[in-house]
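For reference, the structure discussed in these notes is given below.
What follows draws every value from the coordinates through simple rules; no lab data is involved. These figures come from a predicted structure and were not determined experimentally. No Cβ is skipped: glycine too gets one built from the backbone with ideal geometry, and neighbour counts run over all protein chains shown.
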Amino acid sequence: MVVADDHKLTLSGVADSLQAHGVHVVGRASSAPEAIEMVTSLTPDALMTDLDFGPGPTGLDVAQHVRNTLPQLGIVILSAYGDPRLHSDGLGNAPAGVVYVIKQQVESTTALVDALNLSMTRASQASRGELPQTNLTDRQIIVLRYLAQGMSNQAIAEELTITEDSVAKSINRMLKRLDIEAGPNANARALLIHHYFDLIGSRQ
């Protein structure tokens, strides 16, 4: 299999752990283009890739590209994003057979091996790929990302070409959808931002 991640420590840790559990790692890629090239040239049984490679192609882009040429390839996307839409807009659907694993929920290397085996089974059966999603619309996800960037309601309204009132209503709807109660001693924006960082695995 090939492991792909732009963080060297994570790349080594995942690859070494899998090898220690009997998985033959034939390549380690540190960028999306390198992952595509490595999988194409080595034709492994499986690929485990991060979602976020920084600016440029994502792990989903890699998955889609290699799926077009290697329909039997097992593909696991290992990501800190509990909802991949929080990473960026327009990620699209998961390619057939893709297994999405949230890093924060991985308790052992055995879980990664199980995900690899599942991905290969799904690929052989041409099963539909699925991505996890929170109970938020695409527009609400965008507003949540802007909130996390520290943007005011006015700035968000200008960015999305909507009214400030629409932004305020979107915030209130997100609180209800996520079952977050903002009482008199709690700030709604702060609670949503905390939830955002939980979803991307960065809560301090």
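Side notes on the structure shown:
- With neighbour counts taken as other beta-carbon atoms within 10 Å, the residues ILE180, ILE142 rank, fewest first, as ILE180, ILE142.
- Charge tally in the Cβ shell below 14 Å around SER166, where Lys, Arg are +1 and Asp, Glu are -1, SER166 excluded: -1
- The local environment of VAL23, defined by Cβ-Cβ distances under 12 Å, has a net charge of -3 under the rule Lys, Arg +1 and Asp, Glu -1.
- Equivalent ellipsoid, the range 69-204 (semi-axes from 5 times Cα gyration tensor eigenvalues, Å): 34, 17, 11
- Candidates per GluC sites (Glu not before Pro) in the range 133-204, loop by DSSP, up to 16 other Cβ within 10 Å: GLU181
- Contact order, relative form, for the range 47-100: 41 percent (alpha carbon pairs under 8 Å, 6 or more residues apart, mean separation divided by residue count).
- The residues packed around ASN153, meaning those with a beta-carbon under 13 Å from its beta-carbon, carry a net charge of -2 if Lys and Arg are +1 and Asp and Glu are -1.
- Most fluctuating residue given options ALA29, ALA20, ALA115, as computed from a GNM of the chain linking Cα atoms under 10 Å: ALA20
- Computed over the range 58-204, relative contact order equals 25 percent, with contacts defined as Cα pairs under 8 Å that lie 6+ residues apart.
- Over all directions, the projected convex hull of the C-alpha atoms in the range 1-148 averages 8.4 nm² in area.
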